[in-house]
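As structure tokens, the structure follows; a few thoughts come after it.
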Amino acid sequence: MPTKTRVLFCGHEFADGYRHTLERASQRYPHLEITVCDRLDVQHHIADADVAVPLMTRLDAALIARGARGSLKLILQFGVGLEGIDIDAATRERVRVARIPSEKTGNAVSTAEMACYLTLAARRRCNQMADSVAERRLGTPTGAALLGSRVCIVGWGAIGRAVAVRLQAFGCALSAARASTWAEDGVSDRCGVILDEACVTSDDEGYKRILSRADVVCVCCTQDESNRGMIDATFLHSMKRGASLVNVARGGLFNRQDVLDALNSGQLGYLASDVAWSEPVDPNDALVNHANAYFTPHVGGVTHDSYKCMAEIVSRVGAAVADVEHMEHIDDWPMGVVETLDIQLVN
């Protein structure tokens, strides 16, 4: 009988990802063993795993080395975020690292829908609406419509583009900033979205200009060491006074104290975020409890549709790791390069 391949989910967060994968594997991949452990116990289980799914657990050099001394062959994120994985350490240990592309799974669309929800929450002042219900008041607060609102999207990957398509339907005037250069024709990389203005984030003057004109700034970019803490006093003071900030990217982009100061001063009018600087976020934190801050529990891409698709990918890749017929393909992945899995699924 073939040897079991062990897939370890590193933490009990995002629990339906584990459950969907367990269900999928039991139906179609009998040689997979899908397991889960607490974040703090990963050190005791990673050496027995062939595939580690990190979720929100940081896989540092020590953990990766421990895994590599055992069975660990692949670190596969259940989604796109790799900022918690020591890629250099994985390269040294010859452990492959991969993520699942958001545009192939429904994750980008789900996260874009969350961005629209949070934008509405900020513009309609969701905390104050809850207060009015609790205090039996009608007709207050007075919110702002999306129609005619100016929204700046920071990050123009699959999520940023999906956000733009949906906000355009609301009648928003859109601008965007991204790290890479825009197409010279001004059309081909817009996905049919009409942008009033576009710039690169390295263009300080252009970047500050579009931030200063926006009623809402929606952050959709990836996080790495180059932009950690980028939502700081400089960023916030570049925004229009009283504008709203939406973050569906990563909490490490926040400078927490600067955001709190900007809310207290009124420079930042409203914060609506699906992510936080430390997760799970402390519900007693002064920023989380601010009257003009609204947090959701990192559920932007957490829908049954996207999770079923990603569960199939994790199961299929786990099965490929165990199957000698696929090992040549697995070994063809360049060492030191973060690969994006581009797996076309069949019903």
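Here is the figure for segment 72-103: residues that are buried (at least 18 other Cβ atoms within 10 Å of the Cβ) and hydroxyl-bearing (Ser, Thr, Tyr) total 1. For segment 217-255, the set of residues classified as within 21 Å of SER180 (Cα to Cα), touching an Asp or Glu at 6+ places or on another chain (Cβ under 9 Å) and assigned to a strand (DSSP E or B) consists of ILE231, ASN247, listed by residue number.
Those residues that are closer than 23 Å to ASN107 by Cβ, part of a strand (DSSP E or B) and either of a type outside the set (A, V, I, L, M, F, W, C) or modelled with pLDDT under 95 (or both), I need them from segment 161-192; list them, please. It would help to see each step written out before you state the result.
Step one: of segment 161-192, the residues closer than 23 Å to ASN107 by Cβ are 161-170, 172, 174, 176-180, 189-192.
After this cut, where a residue has to be part of a strand (DSSP E or B) as well, the list is 174, 176-178.
The one that is closer than 23 Å to ASN107 by Cβ, part of a strand (DSSP E or B) and either of a type outside the set (A, V, I, L, M, F, W, C) or modelled with pLDDT under 95 (or both): ARG178.
What's the total number of residues in segment 104-159 that are of a type in the set (Asp, Glu) and surrounded by fewer than 16 Cβ atoms within 10 Å (Cβ to Cβ)?
So the first thing to find is which residues in segment 104-159 are of a type in the set (Asp, Glu), and the list is 113, 131, 135.
Keeping just the survivors that are surrounded by fewer than 16 Cβ atoms within 10 Å (Cβ to Cβ) gives 131, 135.
Of the residues in that region, 2 qualify.
Taking first residues from segment 269-286 that are outside the structural domain of GLY81 (by TED's automatic domain parsing) and surrounded by 17 or more Cβ atoms within 10 Å (Cβ to Cβ) and partners that are of a type in the set (D, E, K, R) and part of a loop (DSSP other than H, G, I, E, B), the Cβ contacts under 8 Å between residues at least 6 apart in sequence or on separate chains come to GLY269/ARG241; TYR270/ARG125; VAL275/ARG250.
Condition first: β-branched (Val, Ile, Thr) and closer than 11 Å to VAL248 by Cβ. Now tell me which residues in segment 90-126 satisfy that.
Just the residues of segment 90-126 that are β-branched (Val, Ile, Thr), to begin with: 91, 95, 97, 100, 105, 109, 111, 119.
THR111, THR119, listed by residue number.
Candidates VAL217, VAL200: the one that is surrounded by fewer than 17 Cβ atoms within 10 Å (Cβ to Cβ) and within 25 Å of ASP258 (Cβ to Cβ) is VAL200.
I'd like to verify a number: residues in segment 34-54 that are in contact with a helix residue (DSSP H, G or I) (Cβ under 8 Å, 6 or more places away or on another chain) and either surrounded by 22 or more Cβ atoms within 10 Å (Cβ to Cβ) or at pLDDT 95 or above (or both), how many? Steps first, answer last, please.
Kept after step one, since they are in contact with a helix residue (DSSP H, G or I) (Cβ under 8 Å, 6 or more places away or on another chain), are these residues of segment 34-54: 34-37, 42-43, 46-47, 49-53.
Those left that are additionally either surrounded by 22 or more Cβ atoms within 10 Å (Cβ to Cβ) or at pLDDT 95 or above (or both): 34-37, 42-43, 46-47, 49, 51-53.
Of the residues in that region, 12 qualify.
For the condition touching a residue at least 24 places away in the same chain (Cβ under 8 Å), farther than 30 Å from GLY160 by Cβ and of a type outside the set (Ser, Thr, Tyr), ALA47 qualifies.
Restricting ALA311, ALA286, ALA262 to residues that are closer than 23 Å to LEU8 by Cα and modelled with pLDDT of 90 or more narrows the list to ALA311.
Which members of segment 124-158 meet the condition of being part of a helix (DSSP H, G or I) and in contact with a strand residue (DSSP E or B) (Cβ under 9 Å, 6 or more places away or on another chain)?
Filtering segment 124-158 down to residues part of a helix (DSSP H, G or I) leaves 126-134, 158.
CYS126, ASN127 - these are the residues of segment 124-158 that are part of a helix (DSSP H, G or I) and in contact with a strand residue (DSSP E or B) (Cβ under 9 Å, 6 or more places away or on another chain).
Across segment 105-151, the qualifying residues are those that are of a type in the set (Val, Ile, Thr) and within 30 Å of GLY81 (Cβ to Cβ), and the one among them that is nearest to the chain's Cα centre (by Cα) is THR111.
The condition of being outside any strand (DSSP E or B) and under 17 Å from ALA121 (Cα atoms) does not hold for PRO283.
The values are calculated or read from the model by the stated rules, or taken from the named source; none is laboratory data. None of these values were measured; they are calculated from a predicted model. Virtual Cβ from ideal backbone geometry, glycine too; neighbours counted across all protein chains shown.
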